[in-house]
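This report concerns only the one structure given below.
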Amino acid sequence: MNTIILSFDKIEGGSMKHYSKKLIARLNDNANQLRIDALRMIYERGAGHPGGCLSCSEIISALYFHYLKIDPQRPHWEDRDRFILSKGHASAILYAALARRGFFDIKELQTWGHPNSRLQGHPDRLRTPGIEMTTGTLGQGLSIASGIGLAARLLQQKWRIYILMGDGECQSGIVWEGAMMASKYCLSNITAIIDYNDVQLDGFCHEIMPLEPFIKKWQSFNFEVVEIDGHSVKEILQALDVTKEIHDRPSVIIAHTIKGKGVSFMENEAKWHGLAPDDEQYRQAITELKGEKNG
Amino acid sequence: MDRIISMRHSYGEALLDCGIKNKKIVVVVADVSSSVKTDFFEKRFPERFFNVGIAEQCLVNVGAGLSLEGFIPFVNTFAGLLLRSFEQIRTCVGYAETNVKLVGGYAGISDYKDGATHYSICDIAVMRSIPNITVVVPADATETKKLVCEIVKWSGPVYLRISRAETPVIFGDNHKVVVGKGQIIREGDDLTIIAVGVMVGRSLLAANILEQEGVKARVINMPTIKPFDKYLIIETAQKTGAIVTAEEHSVIGGLGSAVSECLSQSYPVPIEFIGIKDLFVETGTSHEYLLDHFGLSVNDIIEAAKKVIKRKGNIK
Ligand SMILES: Cc1ncc(C[n+]2csc(CCOP(=O)(O)OP(=O)(O)O)c2C)c(N)n1
């Protein structure tokens, strides 16, 4: 098996596409802005999932501000890439990305979770422009992506399907049903990304229901596996490039991340999985994030 | 009603026919293709046929994914096994309003050799309670064919309930079925028997015998349980004043409940329920045997009719 595992050093050399410092700096800025947006949304609403938004900020930034072929003016443009947020509880950061990309007005973010809002607690494909599929109950993304992947093949379309899953989510049996499906039909048009922050709702994944050996699991399901630092925009982009060049099987990018990344007191704390910050905590969090950006 | 034809066979043929005409139709199945007769389609259109293996949740989601790109997926397994994917059906089909046609084969107690694990006596209740899902139940092989064509045209999620049984053919080729509408298939004004699926034929037999005893029963075939044809049901309550519902399903949550919900709000009349009485039915030697021994016999319908007419008299 010609699995490419990108260790954090190895990715530097080789034949990887070069991404400019400028682009990477911009995508890091975007990621930071998304963190601030998501936290503000969660704070104002008094509800949401900060930990899992902060852990996938670079991934969402790289996808929405560079990688995905999408057109905010035409959310249903036929040739667009499809993205499914399988870990639908991270809706705040996706809504922020959609708004920042112009799918709807940034002010609409304030309506999140309010009566008559197009922004539901979890993503709803029928209400929100740019939401490909309704999610919120964990585990659905990969099997739905398989259906989309089969459709793309029947239609002879070249666009790709990206999904973002949580690591805790991968404890769900349906994920592996979807994995078998994608590999049976060699759906190389699918790239699954896993936000491997090792924290779920009740605590650490490795204590609640260990996933390791995780890479071997995916390899044995016949996936191309790429392992990266999920907070490195450059590694994310290069890993996405790698999976685009795989033509005989689906791919998974295992992105090592830190739950709550960027806010010191939220990092690696299951407590911050689904808790909104109070006034003081919010102020401190934003100070840290703004400081990081300027520093 | 002399000809006996298998409903699943008729379903398989209809699916193939529709698939020839409509290239958007795709079929997904969970390792029961030769049982539920999607193998006719499979042989003809292997490229539009997907077997997910014994993975019912994946089955439903693959259908949802295909429908997102404009295909019309027919998603197949046994009705009792489809319930394993209740959550996918609720979220990815009902809530997401994907154009998935869920087909539950071997429904009711028609898989008589396999027993309670394989029976499906709660599926109508479950499907009916999910917003956006249309629920249809054909009464014979003719209606099965017509309904398959109708639900291809119907935009939105559908649950189609198919029996494994070989049942008497009730309807001729000119039979018309419209999604959302019931139909009076026998006139009478002493009471109405409202039936679905295999109980339609039995209800007609019961009405014939009742007539010999001087009781005129109207019979309504109710192939769509949701959206429910309320006008027809209210009209029939007003006209006949007494109702017996008959279904191969639990008496909880199915057709009988739908009729009661409708009439208790608008025009209450006495109702008797023919169905499976909140118990797990055992394995049998034939489907007919089970129907006859678990409260779904022609005689049970006749007794219920007499009882409901008496109750109607008491009210007057
Ligand atoms: C099927 C299902 N079970 C439980 C939940 C409740 N829930 C929401 S988020 C979550 C933990 C998710 O952990 P993980 O997938 O690791 O996501 P992340 O750490 O990235 O937030 C749980 C249990 C759910 N949404 N869906």
Find which of A:Leu275, A:Phe204, B:Ser67 sits farthest along the positive direction of the dipole of the protein assembly as shown, computed with +1 on the beta-carbon of Lys and Arg, -1 on that of Asp and Glu, about the Cα centre. B:Ser67
Counting pairwise Cα distances across the range B:183-314, what percent come out greater than 20 angstrom? 38
If the chain between A:Glu212 and A:Ala25 were fully extended at 0.36 nm per residue, the gain over the current Cα-Cα distance would be 64.0 nm
Minimum 50 Å² accessible area buried by the other protein chains, the range B:29-50 residues, probe 1.4 Å, relative to alone: B:Phe50
Pairs over 27 Å Cα to Cα, from B:Lys24/B:Lys146; B:Lys23/B:Lys43; B:Lys176/B:Lys277; A:Lys87/A:Lys107; A:Lys217/B:Lys113; A:Lys69/B:Lys101, come to B:Lys176/B:Lys277; A:Lys217/B:Lys113; A:Lys69/B:Lys101
Of A:Asp279, A:Asp248, A:Asp81, the most mobile residue in a GNM of chain A (C-alpha springs, cutoff 10 Å) is A:Asp279
Before rounding to the nearest 500, sum -39500 (n - 2.57) across all DSSP H runs of length at least 4 in the protein assembly as shown and divide by the residue total; then give [θ] at 222 nm in deg cm²/dmol. -11500 deg cm²/dmol
Which percent of the accessible area of the range B:4-168 is formed by carbon and sulfur heavy atoms (probe 1.4 angstrom)? 54
In the A-B interface, the accessible area buried, summed over both sides, Å² (probe 1.4 Å): 2200
With label points built 7 Å along Cα→Cβ from the Cα atoms of A:Asn116 and A:Asn268, find their separation and express it in nm. 4.7
Most mobile of B:Ser67, B:Ser266, B:Ser297 per a Gaussian network model of chain B (Cα springs, under 10 Å)? B:Ser266
In whole percent, and with a 1.4 Å probe on the protein chains, what portion of the accessible area of chain A is carbon and sulfur? 50
Name the longest site-free stretch of chain A, where the excluded sites are chymotrypsin sites (Phe, Trp or Tyr not before Pro) in a DSSP loop with no more than 14 other beta-carbon atoms within 10 Å. A:78-295
Using only the alpha-carbon atoms of the range A:182-228, report the extent along each of the three principal axes, biggest first, to the nearest angstrom. 35, 18, 17
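Across peptide A:170-179, what mean number of C-beta atoms from other chains lies inside 10 Å of a residue's C-beta?
On the way: counts 0, 0, 1, 3, 9, 2, 2, 11, 7, 1.
Mean number of neighbouring Cβ atoms from other chains: 4.
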Project the alpha carbons of the range A:128-200 onto their principal axes and report the range along each, largest first, in whole Å. 39, 32, 17
Connecting C-alpha atoms closer than 10 Å in a GNM of chain B, tell me which of B:Gly70, B:Gly94, B:Gly254 has the biggest fluctuation. B:Gly70
Leaving out ligands and nucleic acids, note down the accessible area per residue over the protein assembly as shown with a 1.4 angstrom probe, in whole Å². 39
Based on the Cβ-Cβ distance from A:Glu108 to A:Glu78, what FRET efficiency comes out when R0 is 22 Å, to the nearest 0.05? 0.30
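Give, rounded to the nearest 20 debye, the magnitude of the charge dipole that the range B:102-236 has about its Cα centre when Lys and Arg contribute +1 at Cβ and Asp and Glu contribute -1 at Cβ.
Numbers: 15 positive and 15 negative charges, 85 e Å.
My answer is approximately 400 debye.
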What does the average come to when, for each residue of peptide B:93-101, you count the partner chain Cβ atoms lying within 10 Å of its Cβ? 3
For the range A:128-156, which residues drop by 30 square angstrom or more in accessible area between the chain on its own and all protein chains together (1.4 Å probe)? A:Met133, A:Thr134, A:Thr137, A:Gln140, A:Ser143, A:Ile144, A:Gly147, A:Ile148, A:Leu150, A:Ala151, A:Leu154, A:Leu155
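Can you give the charge dipole size of the protein assembly as shown about its Cα centre, rounded to the nearest 20 debye, using +1 on the beta carbon of Lys and Arg and -1 on the beta carbon of Asp and Glu?
Here the protein assembly as shown has a charge dipole of around 1540 debye.
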So the compactness index of chain B, its C-alpha Rg divided by 2.2 N^0.38 Å, takes the value 0.96
Note down the Stokes-Einstein diffusion coefficient of the protein assembly as shown in µm²/s, whole number, using a Kirkwood radius over alpha carbon pairs, 37 °C, and 0.692 mPa s. 125
If you restrict to DSSP beta bridges whose two residues both lie in chain A, what percentage is antiparallel, to the nearest 5? 5
Of all C-alpha pairs within the range B:4-168, those more than 26 angstrom apart amount in percent to 15
Charge tally for neighbours of A:His114 with beta carbon under 11 Å away, counting Lys, Arg as +1 and Asp, Glu as -1, is 0
Within the range B:183-314, what whole-number % of the accessible surface is contributed by carbon and sulfur, with the 1.4 Å probe and all protein chains included in the calculation? 54
Charge dipole (debye, nearest 20) of chain B; +1 at Cβ of Lys and Arg, -1 at Cβ of Asp and Glu: 700
Estimated D of the range A:8-289 in µm² per second, where Rh is the Kirkwood radius over Cα pairs and Stokes-Einstein applies at 4 °C, 1.567 mPa s: 69
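The values are calculated or read from the model by the stated rules, or taken from the named source; none is laboratory data. Since the structure is predicted, the reported quantities are computational estimates derived from the model, not experimental observations. Don't worry about glycine lacking a Cβ; one is built from the backbone with ideal geometry, like all the others, and counts go over all protein chains shown. For the accessible areas, the whole protein counts, side chains as well, though only heavy atoms, and no ligand, DNA or RNA atoms are used. Shrake-Rupley method; radii C 1.70, N 1.55, O 1.52, S 1.80 Å.
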